[in-house]
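Input: a single structure, listed below in structure tokens.
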Amino acid sequence: MSVKMLEINALSGDDVRALVDVRQRYEVLVDLQHQHWHSFRGTMRYGERSGKQYLLRRVDKSDRSLGARTPQTDMVLDKFQTEKAAIEARIAGLKAEIEARAPLMAARGIGRLPSIPARILRRLDAARWLGEGVVVVGTNALFAYEAMAGVRIVSDVIATEDIDLLRDARRRISLTANGVSERGLVGLLKDVDPSFAAVRQGSFRAVNQSGFMVDLIEPLSKSPVHQSESGISSHQDDLVSVPIEGLAWLVSAPKSEAIIFDEAGLPLRIVTIDPRVFALHKLWLSEKADRDPLKKRRDRQQSNVAAQIAHYHLGLSFEADELSALPAALRKMRDRLEMSPPPRAQW
């Protein structure tokens, strides 16, 4: 099946400079936020117990005593409050700078990811789930490959009204991180949009009032008898990941991380699979006999664009050692990828 090659345009020098400038600031912001989370989360204060003052550190809902009041604990409290105020001021300053540049990023067309999936990814990242227990697969991964290569895909092949989250059941996810309750993934989605709900109890899909869908998927077990219905939490209204053939390759595949921009021009982090694995998997899907014909054509288009970005724009080899864990039959499909070289510059 031959599919018309898709247009992939390199960003202009000005666009690249604007992107790199904001991305560097965002990377510093994320680092500061991690420092704040690990070292300055919560409060520190003196409290009275049995008639004596004790230095108390509160994180989440519990107090921990750091000892009775002494000149040393006074120094600890002063250091904590001073350094916390300083890092919070730096965070606020970087946020303001990035927000001020957002309209320019949007005007340049660098902001690409729609608002709802962007907010979902930010919430997943804040909860320490993104890249730890779930990664993004499907169409939204193409935004990561664009950002990694400094290109723009000129096609509706990146249009989508859903987001697929691949769950790695081998890795545990904390339900208490950053205020995520036992409502699990549905609870997290409701933080983004209260209208999100599972389509029915025990479903793998949540939908909001606008029809945007979030699917939780996982690999099909080699022994279906032992395939457990698994949700991220034990809550009865949470999503239950659906097992799908072929996803074991994706769980074990190398991962790619990128800073992308939403349609408002604000940055965010995305973690997905390697673009070469994406290309091979989409090609495999496009050749499945039981695949919907309309989806097969789109699969092939997405395979082609990911392959071109990986090979010509990122310089990645489909014969590299890091792909050796993929099934040999899947790796051999690289010979059927359509990777026409980009057009040569004209005088």
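Points to keep in mind about this one:
- Estimated distance in nm for a label pair at E88 and K52, the labels positioned 7 Å out from Cα along Cα-to-Cβ: 3.0 nm
- Neighbour-count ranking [beta-carbon atoms within 10 angstrom, fewest first] of V134, V28: V28, V134
- Ranked list, fewest to most other Cβ atoms within 10 Å of each Cβ, for H311, H38: H38, H311
- Once you reduce segment 245-277 and segment 60-92 to the center of their Cα atoms, the two points are 37 Å from each other.
- If you plug the beta carbon distance of A96 and R336 into 1/(1 + (r/R0)^6) with R0 = 51 Å, you get a FRET efficiency near 0.55.
- Beta bridges from DSSP with both residues in the chain: antiparallel share about 75 percent, rounded to the nearest 5.
- Alpha carbon Rg of the chain, scaled by the compact-globule rule 2.2 N^0.38 Å: 1.15
- Within straight-line cross-link reach of K61, aspartates and glutamates at Cα separation under 19 Å, skipping those fewer than 8 residues along the same chain: E48, E182
- Net charge of the neighbourhood of L29, taken over other residues with C-beta under 14 Å away and scored Lys/Arg +1, Asp/Glu -1, is 0.
- Set of lysines with alpha-carbon distance to K332 below 18 Å, sequence-local pairs under 8 removed: K282, K288
- Principal-axis analysis of the Cα atoms of the chain puts helix 275-286 at an angle of about 50° to the longest axis.
- Between A107 and A68, residue separation times 0.36 nm minus the direct Cα-Cα distance comes to 8.4 nm.
- Dipole orientation for segment 1-125: of the candidates G51, G93, A10, G51 has the Cα lying most toward the positive pole (charges on Cβ; Lys, Arg +1; Asp, Glu -1).
- In this structure, S115 and D78 have a Cβ-Cβ separation that, at R0 = 41 Å, corresponds to a calculated FRET efficiency of about 0.45.
- Our estimate of slack between S252 and S12, defined as 0.36 nm per intervening residue step minus the Cα-Cα distance, is 82.9 nm.
- Calculated FRET efficiency for the pair W347/H38, C-beta based, R₀ 45 Å, to 0.05: 0.20
- Exposure proxy order (Cβ contacts within 10 Å, fewest to most) of F212, F318: F318, F212
- Within a straight-line Cα-Cα reach of under 20 Å, K296 can be paired with the following aspartates and glutamates, leaving aside sequence neighbours fewer than 8 residues apart in one chain: E7, D156, E161, D162, D164, D215, E245, E287, D335, E338.
Taken together, the values in this text are just the output of simple stated rules run on the coordinates, not laboratory data. Quick caveat, the model's predicted, so the values are computed rather than measured. Don't worry about glycine lacking a Cβ; one is built from the backbone with ideal geometry, like all the others, and counts go over all protein chains shown.
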